């Protein structure tokens, strides 16, 4: 139920932003709101508390965001409060950003290597990922020394594991079955 609800609300926000030719500004609002939700315990309490009534929540949201957000974004937040769906706000804005990226042909893979990569290497891997996926990638580069060598790439639910650690695990499995 909640996955359908999240998709329905976030897709509706995307469609409204597209119709208003305001997708990038609404996306900026959503990125800011997501960051704020990650940092502010008080804002999370406001959105998630069943004890605080709708009218108070609407009043507080208007005070905080009235001149800081696009009218469409603010209206969306207020609508979720009126419909008692504000506890899903983080999911709504995250999914909106995913939909926007999907429509723009952007993927955000996580590239993990055993050592820190140089900027030139990062650019090369970005080009390789773009060529492989036929999409514009915005990779996030991470370091995990436990990989021993090589790399892993996570894109959504898919993973490419070219790490030495994985190769050793495969060799171990093969040796166990042959002994």
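Observations, loosely collected:
- Note on region 106-178: Cα-only Rg and Dmax are 13.8, 44 Å.
- Site pair residue 118 and residue 59 shows an inter-label distance of 6.1 nm when each label is modelled 7 Å from Cα along Cα→Cβ.
- Shape class for region 1-54: oblate, because the ratio a/c of the largest to smallest gyration tensor axis (alpha-carbon atoms, square roots of eigenvalues) is 1.5 or more and b/c is at least a/b.
- For region 106-178, DSSP calls about 55 percent of its internal beta bridges antiparallel.
- Compared with the dominant Cα axis of the chain, that is its longest principal axis, helix 164-178 is turned about 60°.
- Taking 1.002 mPa s as the viscosity and 20 °C as the temperature, the Stokes-Einstein diffusion coefficient of the chain based on its alpha-carbon Kirkwood radius rounds to 112 µm²/s.
- Estimated FRET transfer efficiency (residue 35, residue 169; beta-carbon r; R0 35 Å; 0.05): 0.40
- Helix 54-65 and the long axis of the chain differ in direction by around 70°, with both axes built from C-alpha atoms.
- Each Cα pair under 8 Å and six or more residues apart adds its sequence gap; the mean of these over the residue count of the chain is a relative contact order of 20 percent.
- Label-to-label distance, residue 144 versus residue 130, with points set 7 angstrom from Cα along the beta-carbon direction: 2.6 nm.
- Choice from 66, 41, 118 showing the highest fluctuation, given a GNM over the chain with Cα pairs closer than 10 Å: 118
- Dimensions (Å) - region 2-103, Cα atoms, principal axes, largest first: 38, 30, 24
Every number in this text was worked out from the coordinates using simple rules, so none of it is lab data. Please read these numbers as outputs of a predicted model, since none were measured by experiment. Glycine gets a Cβ as well: all are built from the backbone with ideal geometry, and neighbour counts include every protein chain shown.
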